[in-house]
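Below is one structure. I have some questions about it.
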Amino acid sequence: MKVLKFGGTSMADGAALKKVIDIVKADKEAVYIVVSAPGVSSSCEKVTDLLLNVFNNKDNFNKPLERVKERFFAIVNSLGLKFDLDEYFVYFANEIKHGASKDFIVSRGEHLSAMLLANALDYDFVDAKDIIKFDSFSNFDAELTNEVCKEKFKKHKHAVIPGFYGSLPNGEVKTFSRGGSDISGAIVARAVSAAVYENFTDVDGFCASDPRIIKDAKNIEMLTYEELRELSYMGASVLHSMSIFPVRKEDIPIRIRNTFNPSGKGTFIVPTKKFKDGNYTRESRAVTGIAGKREFIAINIEKSLMNEELGFGRRVLSVFEKYNVSFEHMPGSIDSLSIIVDSSDLEKTILNRVVAGIINECNPDNIEIVPDLSLIAVVGHTLSEEIDAISRVSSALAKNNIRIRMINFGASKLNIIVAVDTSNFENALKVLYNEFFS
């Protein structure tokens, strides 16, 4: 049994949706299908963005809603579906008039996409709000969701489910973050104990580095859950980084496939423990992938005899906690400590408060703010076995006159992370890719 998830480009128009229908009909194991809202087409932006515009113009929504209607009417007409869109949009407009929430409005792209695909396949439609549950604090309730899903899917031999949203205890629609349909697919895969979760997008899988920067970046045929988390977090955006958590509980592998090249190998994402136990084999290579993100700040703290001051690190981190700022890395020495923070979490006002808080709590000798940093992660399960891995990273960058602002070999021994000036980001990525993949 398989769970298939189709992304926005797969649902973008009638021609793309026809490919989806062909893929599902050709695969006898494809039992449950999760879909996104229509993505970018040749002539229009993402439907979710159009729906955001509807929400932002709730007092005069008819004109922006017309653009959403046009997208869906084009799909229905292209496929010759027997589906009453007029009735659907009367219902939708009425909900908007009566104060529908932002989450409800922006989730209707997935809702209607799923209804149309269910109609085309003659599958059951299962509304995500009935099976995916959030608690009263808007946190996803994984175990309740799993119980509800298991029970629900006993009644449906085949079904199409909208991704991206679920519901709060009061029944109100609640969405995941953008890209959350990937999570929805993984949730369904866990609930039905799928043999594999196949995620269809518009690329052939994960590349070993950002293809927008490395034009000939190799495709990764296999990576582990842990490698996926590291690469996704550091910018590899093929799959939502939270998607592995539901399937990890059941050791369900994920395959990334291309809707427009369904015969391609794609990328196989496998359970880490089973990989380490030898259940899967792949090309022997020290590095699986290299990914990076821009826009970080380093807060460098110096204080004599810091290592002898009990609770110093705790007091520093308590300041970040007070202002609801998470940190990425915390390298240090006996008299210094650096906190690497995502710039998006630190507006100037908050940064000033954090610095003042550290001064008040810790009385440091000096604090230095280093802006405009980028982080690059060199990721691979066998890095710890490579005696010269760190020297290769540092030497390659040094030969190209790229200054390393921070280097960290994580406790998992899965990645080497370096910070460089953002002005050197793309060049550093190319240098490290060439070092390990050329």
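Can you work out the Karplus-derived ³J(HN,Hα) for every residue in the stretch 274-284? Use 6.51 cos²θ - 1.76 cosθ + 1.60 with θ = phi - 60°, whole Hz, and x for glycine or proline.
5, 5, 5, 7, x, 6, 10, 10, 8, 4, 6
If all Cα-Cα distances of the stretch 370-438 are sorted into 10 Å bins from 0 onward, what percent lands in each bin, rounded to whole numbers?
Histogram of Cα-Cα distances, whole percents per bin: 21, 58, 21, 1.
Which whole-number percentage describes the relative contact order of the chain, with Cα contacts under 8 Å and a sequence gap of 6 or more? Walk me through the numbers before you get to the answer.
Numbers: 845 pairs, mean separation 56.2, N = 438.
Across the chain, relative contact order equals 13 percent.
For Ser167, which sequence-distant residues (separation of 5 or more, or a different chain) have an amide H within less than 5 Å of its own amide H, given hydrogens modelled in the peptide plane?
Residues meeting the amide H criterion: Ile132, Lys133, Phe134, Lys174.
Let's see if you can work this out: charge +1 on each Lys and Arg Cβ, -1 on each Asp and Glu Cβ, no other charges. What is the dipole magnitude of the chain about its Cα centre, in debye to the nearest 20? The partial results should precede the final answer.
Numbers: 54 positive and 59 negative charges, 185 e Å.
Charge dipole, the chain, about its Cα centre: 880 debye, nearest 20.
Applying 1/(1 + (r/R0)^6) with R0 = 51 Å to the Cβ-Cβ distance of Ile334 and Ser101, what FRET efficiency is obtained, to the nearest 0.05?
Details: r = 52 Å, r/R0 = 1.03.
Calculated value: 0.45.
I'd like the orientation of helix 142-153 relative to the chain: the angle between its Cα long axis and the longest Cα principal axis, in ° from 0 to 90, rounded to 10.
Tilt of helix 142-153: around 20 degrees.
Rank by packing, highest mean first: peptides 105-114, 357-366, 429-438, 257-266, with packing defined as the count of other Cβ atoms within 10 Å averaged across residues.
Working: 105-114: 25.9, 357-366: 14.7, 429-438: 18.5, 257-266: 16.8.
Answer by packing, highest mean first, reads 105-114, 429-438, 257-266, 357-366.
How many Å² of accessible area per residue for the chain, probe 1.4 Å?
Working: 20320 Å² over 438 residues.
Value for the chain: 46 Å² per residue.
For every other residue with a beta carbon closer than 12 angstrom to the beta carbon of Tyr88, add +1 if it is Lys or Arg and -1 if Asp or Glu, then tell me the sum. Walk me through the numbers before you get to the answer.
On the way: positive: Lys69, Arg108; negative: Asp84, Asp86, Glu87, Glu95.
Overall, the nearby charge balance is -2.
Each label point is 7 Å from the Cα along the Cα-to-Cβ direction; what then is the distance between the points at Ser237 and Asn401, in nm?
About 3.2 nm separates the two model spin labels.
Applying 1/(1 + (r/R0)^6) with R0 = 45 Å to the Cβ-Cβ distance of Ser304 and Asp49, what FRET efficiency is obtained, to the nearest 0.05? Can you show the working numbers first?
Values: r = 53 Å, r/R0 = 1.18.
For Ser304 and Asp49, the calculated efficiency is 0.25.
Place a point 7 Å from Cα of Glu87 in the direction of its Cβ. Which residues in the stretch 95-126 have their backbone N less than 18 Å from it?
Within reach of a label on Glu87, which here means backbone N under 18 Å from a point 7 Å along Cα→Cβ, the stretch 95-126 contributes 95, 111-126.
Separate question: Roughly how many percent of the accessible protein surface of the stretch 13-118 is carbon and sulfur, given a 1.4 Å probe and a whole-percent answer?
Working: 2380 of 5000 Å².
Carbon with sulfur: 48 percent of the solvent-accessible area.
A further question follows. Could you calculate the contour length gain from Phe409 to Asn352, that is, 0.36 nm times the residue separation minus the distance between their Cα atoms, to one decimal place in nm? Don't skip to the answer; put the middle values down first.
Details: separation 57, 0.36 × 57 = 20.52 nm, distance 2.98 nm.
Result: 17.5 nm gained on full extension.
On to the next question. Specify the inter-centroid distance of the stretch 223-273 and the stretch 111-149, based on alpha-carbon positions, in whole Å.
21 Å
Could you tell me the largest-minus-smallest coordinate of the C-alpha atoms of the stretch 23-140 on each of the three principal axes, in descending order and whole angstroms?
46, 38, 26
Mean shadow of the stretch 203-335, computed from the convex hull of its alpha carbons, in nm²?
Numbers: hull surface 47.4 nm².
Mean shadow area of the hull around the Cα atoms is 11.8 nm².
Output the 0 to 90 degree angle, nearest 10, between the alpha-carbon long axis of helix 312-322 and the longest principal axis computed from the alpha carbons of the chain.
Computed tilt is about 30 degrees.
Give the distance, in whole Å, between the Cα centre of the stretch 350-411 and the Cα centre of the stretch 1-54.
For the stretch 350-411 versus the stretch 1-54, the Cα centre distance is 40 Å.
Here is the link list: Lys215/Lys322; Lys25/Lys430; Lys82/Lys155; Lys293/Lys322. Which ones come out longer than 31 Å on Cα distance? Could the numbers behind the result be given before it?
Details: Lys215/Lys322 43 Å; Lys25/Lys430 42 Å; Lys82/Lys155 25 Å; Lys293/Lys322 26 Å.
Violating the 31 Å limit, Cα to Cα: Lys215/Lys322; Lys25/Lys430.
The values are calculated or read from the model by the stated rules, or taken from the named source; none is laboratory data. Just so you know, these numbers come straight off a predicted model, no measurement behind them. Every residue, glycine as well, gets a Cβ built from its backbone with ideal geometry; the counts of neighbours run over all protein chains shown. With ligands, DNA and RNA removed, areas are computed over all heavy atoms of the protein, side chains included. Shrake-Rupley method; radii C 1.70, N 1.55, O 1.52, S 1.80 Å.
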